[in-house]
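The structure under discussion appears below in the form of structure tokens.
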Amino acid sequence: MYITTNPAKTVLYIGITNSLASRMAQHYANRGSDQTFAGRYFCYNLVHFEEYTDSKAAIAREKELKGWTRAKKEVLIATGNPAWDFLET
């Protein structure tokens, strides 16, 4: 499960993947594309991720976070990444 943001840090995108590095490359390649939410809003900067061995647990966590408020998501990100640095995969 991962969270990306745009360069201005005004939009958040939450997703799951089994290959974070590949997925981040896809987000970057799709930047500016109207065909995807992450592309449309330039959400290619990784700010938070969690690893799961069970895909059902990852999907459940993704759904949980998507139901959270922006403020609650910001607290989660800041807990592990206080400066909201763009993380490397």
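Mind checking the per residue accessible area of the chain for me, 1.4 Å probe, whole number of Å²?
Heavy-atom SASA per residue in the chain reads 61 Å².
On a C-alpha basis, how far is the centre of the stretch 51-75 from the centre of the stretch 1-23 in Å? Whole number, if you could?
12
Work through the residues other than His48 whose Cβ is under 15 Å from its Cβ and net out their charges, Lys, Arg +1 and Asp, Glu -1. Can you show the working numbers first?
Values: positive: Lys9, Arg23, Arg61, Lys66, Arg70, Lys72, Lys73; negative: Glu50, Glu51, Glu62, Glu64, Glu74, Asp85, Glu88.
Summing Lys and Arg as +1 and Asp and Glu as -1 gives 0.
Whole-Hz Karplus ³J(HN,Hα) for the stretch 77-89, in order, using 6.51 cos²θ - 1.76 cosθ + 1.60 and θ = phi - 60°, x for Gly and Pro?
Coupling constants for the stretch 77-89: 4, 5, 4, x, 8, x, 8, 6, 5, 7, 7, 9, 9 Hz.
Along Cα→Cβ, 7 Å out, is where each label goes; now give me the distance between the ones at Ala71 and Phe86 in nm to one decimal.
With each label point 7 Å from Cα toward Cβ, the separation is 2.9 nm.
Counting only other residues whose beta carbon sits under 11 Å from that of Ala38, what net charge do I get with K and R as +1, D and E as -1?
Working: positive: Arg23, Arg31, Arg40; negative: none.
The answer is +3.
Rg/Rh for the chain: what does it come to with C-alpha atoms and Rh from Kirkwood?
My calculation puts Rg/Rh at 0.94.
Write out the GluC sites (Glu not before Pro) in the stretch 1-88 meeting two conditions: DSSP loop, and at most 10 other Cβ atoms within 10 Å of their Cβ.
Passing sites in the stretch 1-88 are Glu51, Glu88.
Would you grab the residues whose amide H sits under 5 Å from the one on Val11? Only those 5+ places off in sequence or on another chain, please, with H modelled 1.01 Å from N.
Hits under the 5 Å cutoff: Asn6.
Roughly how many debye, to the nearest 20, is the charge dipole of the chain about its Cα centre, given +1 on each Lys and Arg Cβ, -1 on each Asp and Glu Cβ, and no other charges?
300
Helix-only estimate, please: 222 nm mean residue ellipticity of the chain, summing -39500 (n - 2.57) across DSSP H runs of length 4 or more and dividing by its residues, to the nearest 500.
Per the formula, -12000 deg cm²/dmol.
What FRET efficiency, computed as 1/(1 + (r/R0)^6) with R0 = 22 Å and r the Cβ-Cβ distance, is obtained for Val11 and Ile59, rounded to the nearest 0.05?
Approximately 0.50, to the nearest 0.05.
For the chain, what % of the accessible area comes from carbon and sulfur atoms, probe 1.4 Å?
Working: 2810 of 5440 Å².
Carbon and sulfur atoms account for 52 percent of the accessible area of the chain.
The values are calculated or read from the model by the stated rules, or taken from the named source; none is laboratory data. As the structure is a prediction and not an experimental result, all values here were calculated from the model. Every residue, glycine among them, receives a Cβ derived from its backbone with ideal geometry; neighbour counts consider all protein chains shown. Note: accessible area is taken over every heavy atom of the protein model, side chains too, but ligands, DNA and RNA are not part of it. Shrake-Rupley method; radii C 1.70, N 1.55, O 1.52, S 1.80 Å.
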